Amino acid sequence: MSAAAHTHDHTHDHAHDHHEPGFIGKYVFSTDHKVIGIQYAISGLLFLLFGFFLMLLMRWSIAYPGQPIPGFDIVSRLPVIGGIFNEMIGRWAPGGVVNGELYNMLGAMHGTIMVFLGIVPLGFAGFVNFVMPLQIGTIDMAFPRLNMWSYWLFFISGVGMLASFFLGTGSVQTGWTMYSPLASTTAVAVTNIWMHGHTWWLLSMVFNISASLLGSVNVITTVINLRAKGMSWMRMPFFCWAMFIVAFLLLLAFPPLEVAALLQFSDRVFGSSFFLPTGLMEGGQHLDISGGGSPLLYQHLFWFLAHPEVYVLILPAFAILAEVIPANTRRPLWGYKAMVYGGLTLGFLSFLVWAHHMYLTGMGTMMSTYFQITTVLISVPSVILLTGLMISLYGGSIRFTPQMLFASAFLPMFGIGGLTGLPLAFTFIDLALHDTYYVIGHFHYVVAPGSIFAFFAGVYHWYPKATGRKMNDLLGKLHFWPSLVGMNLVFAPMFIQGMGGFHRRWYDGGKYFEQTSSASNWFTELTSGFFGLFGMEVPNNLLGLNVLMTFGAIILMLGQVPFILNFFLSIKGGEKVTSDNPWNCTTLEWATPTPPPHGNFTFDIVAVRGPYEYSVPGMNQDYFPQWESEPGKAAEPSAVPSAPAAAAHH
Amino acid sequence: MADSPQEIQKAVRKILWIGAILIVFTVITVALSYVELPSHSWNLIVGMIVATFKAALVALVFMHLNHEAKLIYKILAFTTVFALAIFLLIYFTSLDPLEFARF
Amino acid sequence: MDIPYTVTARPDTGLYNAKVGIWLFLASEVMLFGGLFSSYIFLRVGADYPWPVHELNVTLGFINTLVLIGSSVTVLLAWASLKLRRIGAYKLYMLITVLCAATFMVNKTFEYKAKFEHYSVTLTDGTILTGHLPHGYSLEFGDVKTLNLTVAGKTSAVDADPVKYVLPYVKGDVPKFRTEAGEEITLDAASFAKLKAEAHAKAVEKAKAEQLKEVPNWSVKLTAAAPLTFSVPPSKLLAKPAPGATMIAFRDGTSVEGRMINDKMTLEVDGVDLRATPDKEKSLAWNEHYLGSAWKKAFIEQRDHAIAEFNEKYGDGKGGTTRDPNKSATHQKHQFFMHLHSAKPESHGADGAHKAEAHAPAGHGEAHASHHPEVQLERKDVQFFSNFTPKLNSYYAIYFTLTGLHGMHVVAGALVLAYFLVCNGRMLREDPERLANRVEVGGLFWHFVDLVWIFLFPLLYLL
């Protein structure tokens, strides 16, 4: 490198230092990883709230089919908001009664928004952007400008999804899975196919996928190339490991979904037959298509993404808990190495199990057997991760902060979700339970009281680093308990209904399926009796559980109010932290000033020990930070030997 | 990575050679496709072998995968495994439909 | 406070950031094209029609392959020149690379355009006729007196907008219309907006008076001063009308009643594909109104010739053949796929020539000095038709998807390289090493684009 180049870099540096970005550059089109992380996290939280609102409407329709939504009239008469509400939802619900069409829209958009616009942006993009560069001790992501693009592409996809509600067709109606041939052929007879909710969904997904592609490239490159001196792979906190794995899942699993989206787009807009078999008829008439395609192809491409996606949803939860639990039990993470290898195995296997979602498609016994085997295998690393976290509790002196409450609730909740998934791995059980509420219960236990609880824990945990203030403890507890009760009231009865044969897409909650829904057991009797105490008439069969679940959802909704208040009020009114490391943690993000400035660290940071040195025997304090050579003294960079250069590889 | 001027000049000669080889093999591919082998699958297999050879030249020489950092190989190895998985598993499931005659 | 390892490599990984990034991006691209190639295999294995081989323009594809290989070489030469600080050579090679990309895309445009203008019609007995539509294809629907519009009560997927979706297809001048109130109007955007607002107001009034839960749709009738005749392509209708339909609906939901005057399709036939026809000699194509017996004779000649040739080539000397004629795709094509190069069949024997001329199909073609016979296909005989676009069959669908996506990569790559050439002048002067890194990374992407094409070319054009 020439001397001239150096000089240039230098002058450039100066120019940079003196140039203070304005408000827009600092908070809107920011390239700072922390701002982008917060943007992602807040967008994710808002989308979660919106998706939850859609779910409330669905639950109302399930419990009280044909009855107007309470408050519908009031909302629809409000100025501005009422207009928006009417265009978005109201026009599909004459008199406030959710009809099948609207229910399908709500179902499809609830799934899409929760998975692609809520959990992934919050759990992966939000936390990884904010925390990971701090934890590995670098100043920013490897490609800050791409990072900004990633957020804004995601933003466009979110706006596109929301805007699709306002189109003439309304939003997409074919479930978040968009199974062809139904999704390829429904509602194509419209004035303008480009102004169609389905078209907008597919295009928004393309933006979403591009955003996650940029994000994952950024994360992986940062972890590989920007780790601080001394931060070897096995000194990296499990958080970074898990996010690193998630980034790979996003990088390699999303493109086939993009293919599926593009091909379905072509089917709908250009009239091709990728997913349409020969001789397909609709309404007694042959469609104007050539045929020769295969609906199975869609499912393969879709599930090739969507299975790894499950781990994209759950691994960030493990990542966060691996930080929260040791910090609150004051014990090292149990089985760090086993968890790292378990995570890697999980990531690898997650690519090879997808067709267990497709047992009902007429797959032969050979292939079914293969997919059953890999599916059962993948439960092993999942159990390793969960066990690691659980044993970490053993012998700890647990501080029940709000984040720890959520973390400790996660363990049994995820356990329920995971264990109820095991039977579904086997074809003979899956054939009976497929597409019933049992499956809904299973995966919601994984992602709702699983992932989302972990994300709440993460918000409480890192909030002081981002704002300099702690969130309120009491409000935190008021948030936790109703959430826990509400979640279980919503999802536990689903197992009972599912085993009773309740199909997942009944918009009336099974009211018109008397043979199925008239079954009763002690639990339904109990439910009916309980509501009877309050003078409410609730059927004493499986249908009665719908009411119970709806009330659970309402409790859950009320439970989020303290969180929202807490989140916003604590920015200005929370208890100020007195040190940069308020929870006495060991990882590098707590070495930065609070909140971390642009560039993060005020001194040359190096890592001199493993990430979880809590309660080291013989020490005065119960934690030994990664960056300290002795308690209270940051290690000198010169004390750490440089990593050896990679051997030339010819 | 070749960095000294001599090495770069050597590399340039290599690049030109490989370019010529690629063109020759393109001609071969086209010619072979018009020869009727015992069945069309043979044409496909031979054609794909030639294409893979060409692709390997591009990847190894033009994209200098013949001397790259270990990490890149690791990433590409995993990618290859998953790409093969999506090829083969989808293909296998299409070969193995559920036959009710066997029940 | 700069991000480390943007120019130099990190010692323990041996890589600078952009290089890690581009390889990760390429890994993702591998999965993208992996998914597409996997779809290709799946569709090809499951195809229920003969998979097209050598059906595309091989010459164009071959030229494009050379162009891409050439550009791959020049992008490397550009990088090498930059490393050696031969700035002029660098700029020249980079320019050639970008021009190669442009050539590639121009060729692609020609290829696509030819496909869009070429049609394939499947008749009800499985016979496929390929050719051009000299006048396009429109249904002629006449004797229409009223337009039945439906003004939607809420924002809706189908809502009356006749100015945009109906009037353009009126043959001749658009007459005045009379509303239900008896008012005479010229139908244009302004007058329709007024009409629509009135209709909607009535619907709202009704909803209020009858306490309906939602505003109902309102139908509006417009009577034309003179009977209308429409000439409309079927794609502009909401649903494909049955043969002899007395009602058609436009894409905005406006329906009209009348009489189907002409729904025949005029096709300049340049190929007859009988591979899927059960009885080749009784194919609808040989109907006297269509190609007629002279062409049938030519077809039989070609078929017998192909069989004789096959037997000669692969005869085992004992009356059989070493290859199963039913399994040779090429032989099937030679036998049953006839290309038509003239308006009248050429004949191989003197006798045949005489007869063919005597019974030559009535030559509509001659009027246009066409090189192909022209037939008028009855709607009831047509099962499916499309131009050579994704709609035609899964082969063309995957062809357009793969090459289209690849073309987008070519454009994107060329834009990035052009950006380095045009906009990075300052970096070239001040930090050529960093620019060399950029060119290397851009080059890696460019080679990947080339690499994909190396597979696409044989899979789509040759095999």
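Our note on the geometry: Cα centres of the range B:30-103 and the range A:47-101, 51 Å apart.
Modelled spin-label separation between A:V80 and C:R323, with each label point placed 7 Å from Cα along the Cα-to-Cβ direction: 7.5 nm.
Taken over the C-alpha atoms, the range C:194-250 has Rg and Dmax values of 16.3, 43 angstrom. Contact order, relative form, for chain A: 14 percent (alpha carbon pairs under 8 Å, 6 or more residues apart, mean separation divided by residue count). Counting only lysines at least 8 places from A:K633 when in the same chain, those with an alpha carbon closer than 29 Å to its own are A:K34, A:K229, A:K337, A:K465, A:K470, A:K576. A straight Cα-to-Cα reach below 16 Å connects C:K154 with the lysines C:K196, C:K202, C:K206, C:K208, C:K213, residues fewer than 8 places away in its own chain not being considered. Relative to the Cα centre, the charge distribution of the range B:5-102, modelled as +1 at Lys and Arg Cβ and -1 at Asp and Glu Cβ, gives a dipole magnitude of about 420 debye. The 3J(HN,Hα) values that the Karplus relation (6.51, -1.76, 1.60; θ = phi - 60°) gives for the range A:332-348 are, in residue order, x, 5, 7, x, 3, 5, 4, 5, 4, 5, x, x, 5, 4, 4, x, 5 Hz. Gly and Pro appear as x.
Say a paramagnetic label sat at a point 7 Å from the Cα of C:R259, along Cα to Cβ; which residues of the range C:138-176 have their backbone N under 16 Å from it? Of the residues in the range C:138-176, C:140-146 have backbone N under 16 Å from the label point off C:R259. Taking Lys and Arg as +1 and Asp and Glu as -1, the other residues whose beta-carbon sits under 15 Å from that of A:S518 total -2.
Normalised by the number of residues in chain C, the mean separation of alpha-carbon contacts (under 8 Å, six or more apart) gives a relative contact order of 22 percent.
Remark: the range B:1-85 projects, on average over all directions, an area of 7.0 nm² (convex hull of Cα atoms).
Note on the range A:458-506: Cα-Cα pairs beyond 17 Å make up 57% of the total pair count. For the range A:163-237, the Cα gyration tensor yields ellipsoid semi-axes of 42, 12, 9 Å (square root of five times each eigenvalue, largest first, whole Å).
Along the range C:120-127 the Karplus relation, 6.51 cos²θ - 1.76 cosθ + 1.60 evaluated at θ = phi - 60°, assigns HN-Hα couplings of 10, 10, 9, 7, 5, 8, x, 5 Hz to successive residues, with x for each Gly and Pro. Relative protection proxy for C:416-426, B:45-55, A:497-507, from highest mean packing down: A:497-507, B:45-55, C:416-426 (other beta-carbon atoms within 10 angstrom). What's the long-distance tail for the range A:144-293, i.e. % of Cα pairs beyond 19 Å? Summing the P(r) tail past 19 Å for the range A:144-293 gives 62 percent.
Stretched out straight at 0.36 nm per residue, the stretch from A:V269 to A:Q67 would grow longer than its current Cα-Cα span by 69.0 nm.
Distance cut-off 18 Å, Cα to Cα: go down the list C:K282/C:K391; C:K240/C:K280; C:K296/C:K333 and report the pairs above it. The pairs that break the limit, which is 18 Å between Cα atoms, are C:K282/C:K391; C:K240/C:K280. Listing B:F78, A:F410, A:F428, C:F177 from fewest to most neighbouring C-beta atoms within 10 Å gives A:F428, B:F78, C:F177, A:F410. The residues neighbouring C:E198, those whose beta-carbon lies less than 11 Å from its own, together hold a net charge of 0 under the Lys/Arg +1, Asp/Glu -1 convention. Peptides A:372-381, A:307-316 ranked from most to least packed, by the mean per-residue count of other Cβ atoms within 10 Å: A:307-316, A:372-381.
Shape verdict for chain C, please, from the Cα gyration tensor: rounded (a/c under 1.5), prolate (a/b greater than b/c) or oblate. The shape class here is oblate.
Please work out the Cα convex hull volume for the protein assembly as shown and give it in Å³ per residue.
In the protein assembly as shown, the Cα convex hull volume per residue is 219 Å³.
With a simple spin-label model that places each label point 7 Å from the Cα along the Cα-to-Cβ direction, the separation between A:S232 and A:S518 comes to 7.1 nm. Packing, taken as the mean count of other beta carbons within 10 Å per residue, orders the peptides A:248-259, A:479-490 from highest to lowest as A:248-259, A:479-490.
With unit charges on the beta carbon (Lys/Arg positive, Asp/Glu negative), name the residue among A:G529, A:F166, C:M260 whose Cα is farthest towards the positive pole of the charge dipole of the protein assembly as shown. Of the options given, the answer is A:G529. Take the Cβ atoms of C:A239 and C:K113, set R0 to 51 Å, and the FRET efficiency comes out at 0.95.
Averaged over the residues of peptide C:439-447, the number of Cβ atoms from other protein chains lying within 10 Å of each residue's Cβ is 2. Sorted from greatest to least, the principal axis extents spanned by the alpha carbons of the range C:68-176 come out as 78, 45, 28 Å.
Each part reduced to its alpha carbon centroid, the range C:176-235 and the range A:179-257 end up 47 Å apart. Within the shell defined by Cβ-Cβ distances under 13 Å, the residues around A:F302 carry a net charge of -2, with Lys and Arg each +1 and Asp and Glu each -1.
Taking amide H as placed 1.01 Å from N in the peptide plane, C:L139 has its amide H under 5 Å from the amide H of C:V232, each at least 5 places away in sequence or on another chain.
Residues C:T229, C:T74, A:T361, ranked from the fewest to the most other C-beta atoms within 10 Å, line up as A:T361, C:T229, C:T74. For chain A, the pair-distance distribution built from all alpha carbon pairs, in bins 10 Å wide starting at 0, is 3, 14, 25, 27, 18, 9, 3, 1, 0 percent.
For peptide B:60-70, how many partner chain Cβ atoms fall within 10 Å of a residue's Cβ, on average?
6
All of the numbers you see were taken from the coordinates with simple rules; none came from a lab. Because the structure is a prediction, the values reported are computed rather than measured. Quick reminder, even Gly has a Cβ in these numbers, built from the backbone with ideal geometry, and neighbours come from all protein chains shown.
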